[in-house]
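One structure is given below, encoded as structure tokens.
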Amino acid sequence: MSYPNYPPTTNPSWPAAPGQTQQNPAYQPSPPSGAPPMSSLPEGRYPSSQGYPSPGLTYPSQGYPPGRTSPSPSVPYPIQGDTQPFGAPGGFAPPRPPASPRPEGLIYLGVPIPPPPPNPPYRGSPPGFDANRVAGAIRKAVKGFGTDEKALTEAIAPLDAFQMESVRRAYESSTGKDLVKTIEKETSSWYEYSLRGKALGPVAFDCWLLHRASSGFGTHEDLLTGEIITLKAAYSAIYRHDLTSVIRSELSAKTERLFIMILSANRDEREHVEFGKVQADVQTLYAAGPGRTGTDEITICSIIATRSQAHIRAIVRAYHQTYGVKLSTAIRNEFSGHMKSALEFVIQGAEEDGYGVYRDAVLIHDAMEGVGTKDERLIYRIIRSHWNKPRFAAIKQYYQELYGKSLVAKVRSETSGDYRDFMCAVISSA
């Protein structure tokens, strides 16, 4: 199966800074050293040089949550570095970002973004995009008595991260007002919340969610499992508080230690996976959990918080192969509370498709399951996911296969009013 507009014909690129010519990063993925040509590999086999648990083992079925059926149970494990689409069916190893991003762009949530605080603000505008025109449309929508919500939604919903940042700057320059404060004043409830998430952009919205959580409004353990260095720096610049200190004040005992490990940003991000280390970690994880009375939480946390994503993907497959049970199931049985949520988020992202596409489709659906919609979760999961358009397209297609209904149709049936219109516009635009 293929996904629309993916894989891209070019690598991700950043809009040109004023006076410069737009260029694409020069990175071209290549097979690991000593690996045979991709065309010569049997379908579904992982190159031995990548450290897959054993050259003779087949990829074990990871299973689906109770009551859910795999749309493609026979899909092979993706070849590392291949350009298959994101997610199941088919899997995808996403292209690596350039080794040295251009100064005006950083990688966050898997895509180039404008540099967040404390970096100097992005002052450019994407080629062919008129930020002043969009800022003018927003100004007109909120001017005078009442707000034209339809016009406001149409102006903001389709914007990518660079366009959104350009519009914020243009709006402030032309009105002397901050766009987010204008949204606070002119809108309300979940419509205001979703607009805020879009207007703040990827990093600032995550910082706002963490700051809000530290004030007692919900929890966001999953935000602390991504690009920690960027998030910590931006949080400190925006709120004048050290994120590690904030976490220390909110949590206690072993749960605090897990998040301090994560916030230390000591995760190994090398693509190479050492088979011997994978096997040792699998045995250690079992011995610290199901293989003993009581749970050695710190040992388990230290492995999951510091190993690379490629290494964790190898661990979950080897664990299932060795013990006949998914690692996420073992985590669910051994932990509870914030610690369980954070560890599950990481491990479930490595299971199924291996890159969190299945996990995110399920989490979005779960926000709409049961009595009443969990609006905050629904908003931040969709807003965070939509920035990476190729990946979000895979999530939407995966959602359709899992639940027999399009994501936009489900959201339309579970929400209402301007909030519904905005969320549906965001989903449709990505």
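Here Trp387 passes the criteria (1) aromatic (Phe, Trp, Tyr); (2) in contact with a helix residue (DSSP H, G or I) (Cβ under 6 Å, 6 or more places away or on another chain); (3) more than 18 Å from Asp160 (Cα to Cα) except the one numbered (3).
Matching residues to (1) in a loop (DSSP other than H, G, I, E, B); (2) at negative phi:
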| position | (1), (2) |
| --- | --- |
| Glu352 | yes, no |
| Tyr358 | no, yes |
| Ala361 | no, yes |
| Val371 | yes, yes |
| Tyr380 | no, yes |
| Phe392 | no, yes |
| Ile395 | no, yes |
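Going by the structure shown, is Leu258 modelled with pLDDT of 85 or more, outside the structural domain of Ser302 (by TED's automatic domain parsing), surrounded by 17 or more Cβ atoms within 10 Å (Cβ to Cβ) and not in a loop (DSSP other than H, G, I, E, B)? When the stated conditions are applied, Leu258 does not pass them.
Restricting the first member to segment 402-421 and to residues that are within 22 Å of Lys150 (Cβ to Cβ), and the second to residues that are of a type in the set (Gly, Ala, Ser) and surrounded by 13 or more Cβ atoms within 10 Å (Cβ to Cβ), the beta-carbon pairs closer than 6 Å and six or more apart or on different chains are Val408/Ser428.
Annotation: of all residues in segment 350-373 being free of Cβ contacts under 8 Å to residues at least 24 places away in the same chain and touching a Gly at 6+ places or on another chain (Cβ under 6 Å), the one that is farthest from Pro390 (Cα to Cα) is Arg359. On the basis of being outside any loop (DSSP other than H, G, I, E, B), surrounded by fewer than 18 Cβ atoms within 10 Å (Cβ to Cβ) and within 22 Å of the chain's Cα centre (by Cα), does Ala233 make the cut? Spelling it out, Ala233 is indeed outside any loop (DSSP other than H, G, I, E, B), surrounded by fewer than 18 Cβ atoms within 10 Å (Cβ to Cβ) and within 22 Å of the chain's Cα centre (by Cα).
The set of residues in segment 402-419 that are outside any helix (DSSP H, G or I) and within 22 Å of Thr187 (Cβ to Cβ) comprises Thr415, Ser416. Inspection of segment 302-312 finds a residue satisfying the criterion of being in contact with a His (Cβ under 8 Å, 6 or more places away or on another chain) and in a helix (DSSP H, G or I). Please tell me if Ser328 is modelled with pLDDT of 90 or more, of a type in the set (Gly, Ala, Ser) and touching a helix residue (DSSP H, G or I) at 6+ places or on another chain (Cβ under 7 Å). Here the answer is yes, as Ser328 does meet what is asked. Candidates Ile113, Ile107, Ile138: the one that is touching a residue at least 40 places away in the same chain (Cβ under 8 Å), crowded, with 21+ Cβ neighbours inside 10 Å and closer than 19 Å to Tyr235 by Cβ is Ile113. Only one of the listed residues (Arg313, Arg317, Arg381) is more than 20 Å from the chain's Cα centre (by Cα), basic (Lys, Arg) and surrounded by 19 or more Cβ atoms within 10 Å (Cβ to Cβ). That residue is Arg317. Can Phe275 be described as of a type outside the set (Val, Ile, Thr) and surrounded by 21 or more Cβ atoms within 10 Å (Cβ to Cβ)? So Phe275 does not fit the description; no.
The values are calculated or read from the model by the stated rules, or taken from the named source; none is laboratory data. The model shown is predicted, which means the values in this text are computed figures rather than measured ones. Here Cβ is always computed from backbone atoms with ideal geometry, including for glycine, and neighbour counts include all displayed protein chains.
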